[in-house]
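K.L.:
This is the structure I have questions about; it appears just below.
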Number of protein chains: 2
Amino acid sequence: MASTTSYNDYKERMQKIADVNFASAVLQWDQETYLPEKGAAFRGRQLSTLSEIAHQQFTDPSMKALLEQLLSSNHLSEEERKNVLVTHTDYDRRSKLTSGFVRELTETINRSFHAWINARRENRFAVFAPELAKLIELKKQEAEAVGYQHHPYNAFLDEFDKGSTIHTIASLFEQVSPALKELLTRIQSRPQVDDSFLKQHFPKDLQWKFGLQLIEALGFDTKAGRQDVSEHPFTINFNRNDVRVTTRIDENDLSNMVWSCIHETGHALYEQGLPETGYGLPAGEASSLTIHESQSRFWENHIGRSREFCTKWLPVLKDCFPEQLRDVSVGQFYRAINKVEPSLIRTEADELTYHFHVMIRFELEKALFDNAILTEEIPEFWNAAYRNYLGVDVPDDKRGCLQDVHWSHGSFGYFPTYSLGSFHAAAYFAAMKSDLPDAEAAVSSGNYQGILEWLRNHIHPLGRIYTSTEVCRKVTGNDLQVNSFLKYVMEKYEEIYNL
Amino acid sequence: MASTTSYNDYKERMQKIADVNFASAVLQWDQETYLPEKGAAFRGRQLSTLSEIAHQQFTDPSMKALLEQLLSSNHLSEEERKNVLVTHTDYDRRSKLTSGFVRELTETINRSFHAWINARRENRFAVFAPELAKLIELKKQEAEAVGYQHHPYNAFLDEFDKGSTIHTIASLFEQVSPALKELLTRIQSRPQVDDSFLKQHFPKDLQWKFGLQLIEALGFDTKAGRQDVSEHPFTINFNRNDVRVTTRIDENDLSNMVWSCIHETGHALYEQGLPETGYGLPAGEASSLTIHESQSRFWENHIGRSREFCTKWLPVLKDCFPEQLRDVSVGQFYRAINKVEPSLIRTEADELTYHFHVMIRFELEKALFDNAILTEEIPEFWNAAYRNYLGVDVPDDKRGCLQDVHWSHGSFGYFPTYSLGSFHAAAYFAAMKSDLPDAEAAVSSGNYQGILEWLRNHIHPLGRIYTSTEVCRKVTGNDLQVNSFLKYVMEKYEEIYNL
């Protein structure tokens, strides 16, 4: 049958493009973990060439003809049809960019990334600004080329989470922001919890060993992935059988490594659980960055920052670090890892103030893309926003607008998925608890099998042929609501801070 | 000027193809060092796709037109013209293979490699044989497609060392073989040297630290490369600024790690010294595998197995392993690391019997490609040859015909470059000594700067626009002679064994 052949042709093309993209992913992973210093420049051009090739293969006119032929066919299964539809939307977007543009963008991203590294080293945003300005200019061109509704920033919000717009995100933030502010004020009126025991010296090797034990216990399949060290923890996959996470280790702060491990493991479990048959096809990819983030937050916060988690793991940590943790009780530990305090660094923020960090970036990115501010005005905007939202003074660029890698990667519109992910995570955790009444007891005993299975049944199988909203409807029966999230933080912090 | 534009076009195409090939190299390196178990199958298809792309880009008909236009131009510099000429020869060879064939070959190689791993695990050649037979069949097709003079095996000898044939190699072996046999017989009539102190327990971590110290001392630039552990040591480059070596560590044999480090560093120093301007072009690539091997042997044998090397490094080793090496003198150490004894494993063989291992493989490969033997007859042929050439009985396939990875990579015709490399190395070492009379004293004091500079001036700048023979003529004034090699082994072993 003609249409079976065509679908196979489509699948084969997509899988070869995936091969090239996954090869790029290996090169990126290597760049962040093992690349020797002088190798950076050539790595940049290797990555540019691979993106150019993948782009050329994907946007080849024969692909368009093939997709249209498939869309008019009646012989596809529902999943096949959805794959083709999503690919057609991708084609529509990407074919508006020339290969030359994609190459220039990749090269600019590579230069920006290195400028960002240098700027951090010198602690001066001005070192990063010229390359960032060029990158933002290209991203504006990209938005114009691919098209958007109402605002150029929407072009990127939609890319990371199909259907997201400034409007949908702002509306969610408007629902949570007053409640979080009010809760924060109440917390600040109470005595602060003590987390000083987390800031002792914890030797690197012992932290590393504990981290490995932890991620395996959570269900990370080490035969289908690995963990390494990098400056900025991330998860990357080369297919569901090779999912790699990285962590960082701060010898003077135990919590840094532990919750970064859990967070990245959440991402990795999702990738390792995506449908196997879908290699290279939308059905085999993560639904969206938002759903990806819901998985990391689910594990990091709802499981990892729970009292039950502490019950299980504090004794193990005490075995590793007997002197440092000798006198710490489960209750003290639980309160310490949930300390709420406005701070400068997003990745170290608590679950509550975290969202103000995201709101600031959301506002800033929006302002950049409607030309309300210029690249060089970022530090000023940033510092004012931190004072306004969090009441903190930013002492320097490294602890301010240079703290995150995302812009140097050209990833504008990415940050909001962190908050969206948290809101989804809370909704899914609530759904899971009503399906599995014994879940909390299982966490206390360190048995995550049932929880992972629940995720593997309800969330992981839904690839990129479902939007975040569709995933949410399937799992909770509703569009995304923030009430689960608000209920979760209210109950948690009212108890911790005795409000 | 039209021809400048064309040359730039040529250069740009070649550099993009190099980007793809170096990306493949990263994937291969990762496969041998860090790839999780379940990732192997997808890695195989990613590598196939990249080879297919590189092949398609290189053999595009427009490349042929471009090369012919350039060859008829009068505006090229000598180096440019040589680059184009070599590329034209490559084009001529590779365009005879279809992309489909290249993909099939890469996939078969991947399957063969995994079959070889499994066969070694089970210690049974029969597990490897079916995949190997398919691969040999494809290599025969390749030989027919690309063409050869006199014998299909010549198609591969020429690939690894332009101009090498069965005839040229057999003629060199005929010159060295009787002398080596005679020397071996005399050695065997003398009391054996004692190397038992090398077979004590040497902890892994300490060996690893020593290895790193050693390769840096030899001149390996760790900002332009790195060392990792793999089961089979190798050197791979992603460009001269990112050259990676691997080593293996046997806790019960110190010499394994030390001389494998030196050997791979010899390869790496060559790659790090290749001309910078030539990225992606023949002028920037190694002359041949033979010259590559001459560099590893130069360092491993002529420097690393010299008495002067022991003078410098035995004290350092004693600091690392005080108990194991306390009573060992420089003379004892020097004799131990040069112990001559017919043995089963090529990579552990001494400098003298080593060449019999190569001759056996040379005879066997020749027999495979003129259908004198079948794939399944390899163990029988192998075991008989080991008895005949080396007087040893092969107890099992792992210590027999399964010991080397090369065939599983489809690398037939590769082994002879090891012996050729040794003969070149001896010739170059003699030339170096007459230019640098103080070289031996420098080795005693651990100062390799002058020697490395000599190599950087005389050998490393000669890229693949010079054949091995041309390199040899430039450095020694003559075609390759075996007299330097024979003089070196005779003098060395007559002294060690008191002949």
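The values are calculated or read from the model by the stated rules, or taken from the named source; none is laboratory data. Because the structure is predicted, anything quoted here is derived from the model rather than measured. As a convention, Cβ positions derive from the backbone with ideal geometry for all residues, glycine included, and neighbour counts pool all protein chains shown. Accessible surface areas use protein heavy atoms only, side chains included; no ligands, DNA or RNA. Shrake-Rupley method; radii C 1.70, N 1.55, O 1.52, S 1.80 Å.
K.L.:
Starting from one equal scatterer on each C-alpha and no solvent at all, send me the Debye-based log10 I(q)/I(0) for region A:291-342 at q = 0.16, 0.17, 0.18 Å⁻¹, two decimals.
P.N.:
Debye curve over Cα of region A:291-342, log10 I(q)/I(0) at q = 0.16, 0.17, 0.18 Å⁻¹: -0.52, -0.58, -0.63.
K.L.:
Could you sort B:Leu85, A:Leu314, B:Leu486 by their accessible area in this structure, using a 1.4 Å probe and putting the largest first? Numbers along the way, then the final one.
P.N.:
Values: B:Leu85 80, A:Leu314 5, B:Leu486 35 Å².
Putting B:Leu85, A:Leu314, B:Leu486 in descending order of accessible area: B:Leu85, B:Leu486, A:Leu314.
K.L.:
In nanometres, what is the gap between the two model label sites at B:Ser72 and A:Lys199, each 7 Å from Cα along Cα-to-Cβ?
P.N.:
Those two pseudo-labels are separated by 7.7 nm.
K.L.:
At 1.4 Å probe size, put B:Thr106, A:Thr469, B:Thr98 in order of accessible surface, largest to smallest.
P.N.:
Sorted descending by solvent-accessible area, the residues read B:Thr98, A:Thr469, B:Thr106.
K.L.:
Calculate how many DSSP beta bridges within the protein assembly as shown are antiparallel, expressed in % of all such bridges and rounded to the nearest 5. Before the final figure, lay out the partial values.
P.N.:
Numbers: 10 of 20 bridges.
Bridges in the protein assembly as shown are about 50 percent antiparallel.
K.L.:
Hey, another quick one. Per Stokes-Einstein, at 25 °C and 0.890 mPa s, what whole-number D in µm² s⁻¹ belongs to region A:340-397, with the Kirkwood radius over Cα pairs as the hydrodynamic radius?
P.N.:
Values: Rh = 11.7 Å.
My calculation gives 210 µm²/s for D.
K.L.:
Got a sec? What order do B:Tyr354, B:Tyr389 fall in by accessible area at 1.4 Å, biggest, i.e. largest, first?
P.N.:
Ranked from most to least accessible, the order is B:Tyr389, B:Tyr354.
K.L.:
Where a Cα-Cα gap under 17 Å defines reach, which lysines qualify for A:Lys487, not counting those fewer than 8 residues away within the same chain?
P.N.:
A:Lys181, A:Lys433
K.L.:
Given the C-alpha atoms of region A:52-123, compute the convex hull and give its volume per residue in Å³. Present the calculation step by step, with values, prior to reporting the outcome.
P.N.:
Details: hull volume 7.4 nm³, N = 72.
Dividing the Cα hull volume of region A:52-123 by its residue count gives 103 Å³.
K.L.:
While we're looking at this one, here's another question. Calculate the translational D of the protein assembly as shown in whole µm² s⁻¹ from Stokes-Einstein, where the hydrodynamic radius comes from the Kirkwood formula applied to all Cα pairs, the temperature is 10 °C and the viscosity 1.306 mPa s. Present the calculation step by step, with values, prior to reporting the outcome.
P.N.:
Numbers: Rh = 31.6 Å.
Result for D is 50 µm²/s.
K.L.:
What's the carbon and sulfur percent of region A:107-205's accessible surface, probe 1.4 angstrom, rounded to a whole number?
P.N.:
The computed percentage sits at 52.
K.L.:
If each label sits 7 angstrom from Cα along the C-beta direction, how far apart, in nm, is B:Arg94 from its counterparts in the other copies?
P.N.:
2.4
K.L.:
Got a sec to turn the phi values of region B:64-74 into Karplus ³J(HN,Hα) couplings, 6.51 cos²θ - 1.76 cosθ + 1.60 with θ = phi - 60°, whole Hz, x for Gly and Pro?
P.N.:
Karplus-based 3J(HN,Hα) across region B:64-74 equals 4, 4, 4, 5, 5, 4, 5, 5, 8, 8, 9 Hz.
K.L.:
Using a 1.4 Å probe and ignoring any ligands, DNA or RNA, find the accessible area of B:Leu206 and quote it in Å² to the nearest 10.
P.N.:
Its heavy atoms expose roughly 70 Å² to the probe.
K.L.:
Also: How long are the semi-axes of the ellipsoid equivalent to region A:177-292, from square roots of 5 times the Cα gyration tensor eigenvalues, in whole Å, largest first?
P.N.:
Sorted largest first and rounded, they come to 32, 22, 10 Å.
K.L.:
Over region B:125-219, what portion of Cα pair distances is larger than 21 Å, expressed as a whole percent?
P.N.:
69 percent
K.L.:
Oh, and also: Filter A:Lys16/B:Lys38; A:Lys82/B:Lys96; B:Lys312/B:Lys474 down to the pairs with a C-alpha to C-alpha distance above 30 Å, please.
P.N.:
As for pairs spanning more than 30 Å Cα to Cα, those are A:Lys82/B:Lys96; B:Lys312/B:Lys474.
K.L.:
Still on this model: Using +1 on the beta carbon of Lys and Arg, -1 on that of Asp and Glu, and nothing else charged, what's the dipole of chain B about the Cα centre, debye to 20? The partial results should precede the final answer.
P.N.:
Values: 53 positive and 70 negative charges, 30 e Å.
In total the dipole reaches around 140 debye.
K.L.:
Please get the size of the charge dipole for region B:44-108, origin at its Cα centre, with Cβ charges of +1 on Lys and Arg and -1 on Asp and Glu, quoted in debye to the nearest 20.
P.N.:
The dipole of region B:44-108 has a size of about 140 debye.
K.L.:
Next question. Could you check how many percent of all C-alpha pairs in region B:408-490 are farther apart than 14 Å?
P.N.:
For region B:408-490, the fraction of Cα-Cα distances above 14 Å is 68 percent.
K.L.:
I've got another one for you. So what is the 222 nm mean residue ellipticity for the protein assembly as shown from helices alone, if each DSSP H run of at least 4 adds -39500 (n - 2.57) and you divide by all residues, rounding to the nearest 500 deg cm²/dmol?
P.N.:
-20500 deg cm²/dmol
K.L.:
Could you list the residues of region A:340-369 with an amide nitrogen less than 20 Å from a label point located 7 Å from the Cα of A:Gln192 in the Cα-to-C-beta direction?
P.N.:
Within reach of a label on A:Gln192: A:340-357.
K.L.:
What is the dipole size for the protein assembly as shown, taken about its Cα centre, with +1 at each Lys and Arg Cβ and -1 at each Asp and Glu Cβ, in debye to the nearest 20?
P.N.:
Working: 106 positive and 140 negative charges, 8 e Å.
Taking the Cα centre of the protein assembly as shown as origin, the dipole is about 40 debye.
K.L.:
Wrap a convex hull around the Cα atoms of region B:110-178, take a quarter of its surface area, and give that in square nanometres.
P.N.:
In nm², the orientation-averaged hull projection of region B:110-178 is 6.4.
K.L.:
Which of the listed residues, A:Ala170, A:Leu138, A:His88, is farthest toward the dipole's positive end in region A:82-175, when Lys, Arg count +1 and Asp, Glu count -1 at the beta-carbon?
P.N.:
Result: A:Leu138.
K.L.:
Could you tell me the accessible area of A:Phe381 in Å² (1.4 Å probe, neighbours in place), rounded to the nearest ten?
P.N.:
60 Å²
K.L.:
Turning to a different aspect of this structure: Which Rg and Dmax, in Å, describe the Cα atoms of chain A?
P.N.:
Both quantities, over Cα of chain A: 22.7, 73 Å.
K.L.:
Okay, next question. Compute the label-point distances linking B:Glu78 to its equivalents in the other copies; points lie 7 Å from Cα along Cα→Cβ; give nm, one decimal, shortest first.
P.N.:
Once sorted, the set of distances for B:Glu78 reads 7.3 nm.
K.L.:
Can I ask one more? Quick check on chain A: of the DSSP beta bridges with both residues there, what percent are antiparallel, nearest 5%?
P.N.:
Here the share of antiparallel DSSP bridges comes out near 50 percent.
K.L.:
Now for a separate question. Could you tell me which of B:Leu27, B:Ala129, B:Thr106 has its Cα farthest along the dipole of region B:1-138 towards the positive end, charges placed at Cβ (Lys, Arg +1; Asp, Glu -1), taken about the Cα centre?
P.N.:
B:Ala129
K.L.:
Same structure again: Defining the label point at 7 Å along Cα→Cβ, can you sort the distances from A:Glu122 to the same site in each other copy, shortest first, in nm?
P.N.:
Spelled out, the distances from A:Glu122's label point are 6.1 nm.
K.L.:
Rounded to a whole number of µm²/s, how large is the Stokes-Einstein D of region B:6-72 at 4 °C and 1.567 mPa s, given Rh as the Kirkwood radius over C-alpha pairs?
P.N.:
Values: Rh = 13.4 Å.
Approximately 97 µm²/s, per Stokes-Einstein.
K.L.:
Considering only protein heavy atoms, what is the solvent-accessible area of A:Arg399 at a probe of 1.4 Å, reported in Å² to the nearest 10?
P.N.:
110 Å²
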